Amino acid sequence: MDEPARPRHMAPVPSEVPAGSTVPSPEELMIRVAKGDERAFELLYDQFSGPIYGLVRRIVRDAAQSEEVAQEVLVELWRTATRYAPDKGSALNWAMTLAHRRAVDRVRSARASTEREQKATFEAARGRPFDEVAESVTARLERSQVRRCLSFLTDLQRESVLLAYYQGYTYREVAEVLSTPQGTVKTRLRDGLIRLRDCLGVTA
């Protein structure tokens with residue numbers, strides 16, 4: 001069945017229900033959704049979007065990705081509603097099971113992508129000049145991981161790396177700022193990048 005028009009945000013929006021009428025149970029709505037009832041899907045969306053997003057957010061963490069995954073789950077509910085069996089559990093539990101599976105898949109996919117990128121970065125860096133290696137490391141590694149590993153450097157190594165690769169200073173400028181010979185600055189940068197590589201668990 002075609003996907004119905006849906007709100008793009010995740011916050012539930014009360015649907016208009018005629019005065020005196022009773023909103024069908026989620027299980028009844030799922031049965032109607034399975035028959036292609038778009039109005040039933042709107043009501044189900046209002047009831048399920050909040051819980052689904054909350055579960056996904058706890059697993060995925062990132063707000064934007066969590067919203068994207070939650071929307072995917074809601075679309076999956078619309079497209080696979082015919083698979084729901086009331087005798088096997090509540091509609092909400094079924095939806096939350098779908099949400100948990102998709103959220104875990106997203107986390108695993110993101111982790112695998114990061115690991116592949118890191119491996120490719122250091123494989124490509126083999127045998128290349130020092131400056132190219134440094135550029136590749138700082139450009140492609142995840143910022144959060146770099147920040148964490150920077151905390152393991154000595155103060156002098158960290159200052160040199162931050163000045164050269166995050167503020168764009170040249171070797172000469174770094175040497176002037178730190179009142180240190182250029183040769184010493186290059187040594188600090190080299191040693192600092194080696195420690196970053198070791199912290200990230202990458203072997204050459």
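Quick check: anything in region 31-51 under 14 Å from the mean Cα position of the chain (by Cα), charged (D, E, K, R) and part of a helix (DSSP H, G or I)? No, that holds for no residue.
The set of residues from region 163-190 being open to solvent by 50 Å² or more (accessible area, probe 1.4 Å), under 20 Å from Arg147 (Cα atoms) and at pLDDT 75 or above comprises just one member, Arg190.
Here is the figure for region 191-204: residues that are modelled with pLDDT of 75 or more, hydrophobic (A, V, I, L, M, F, W, C) and surrounded by 17 or more Cβ atoms within 10 Å (Cβ to Cβ) total 1. Residue check: Val60 meets all listed conditions (1) within 23 Å of the chain's Cα centre (by Cα); (2) within 28 Å of Asp87 (Cβ to Cβ) but one, namely (2). Looking at Val107, Val73, just one residue is open to solvent by less than 70 Å² (accessible area, probe 1.4 Å), at pLDDT 90 or above and β-branched (Val, Ile, Thr), and that residue is Val73.
Apart from one condition, Phe152 fits all of (1) under 16 Å from Leu196 (Cβ atoms); (2) open to solvent by 80 Å² or more (accessible area, probe 1.4 Å); (3) part of a helix (DSSP H, G or I); (4) at pLDDT 70 or above; the exception is (3). Pairing each residue of region 41-61 that is among the hydrophobic types (A, V, I, L, M, F, W, C) with any residue that is open to solvent by less than 50 Å² (accessible area, probe 1.4 Å) and not in a helix (DSSP H, G or I), provided the two are 6+ apart or on different chains, yields C-beta distances under 8 Å for Phe41/Pro4; Leu43/Ser15; Leu43/Pro24.
The values are calculated or read from the model by the stated rules, or taken from the named source; none is laboratory data. Please read these numbers as outputs of a predicted model, since none were measured by experiment. Note that each Cβ is placed from the backbone with ideal geometry, even for glycine, and that neighbours are counted across all protein chains shown. Please note that ligands, DNA and RNA were not included when accessible areas were found on the heavy atoms of the full protein model with its side chains. Shrake-Rupley method; radii C 1.70, N 1.55, O 1.52, S 1.80 Å.
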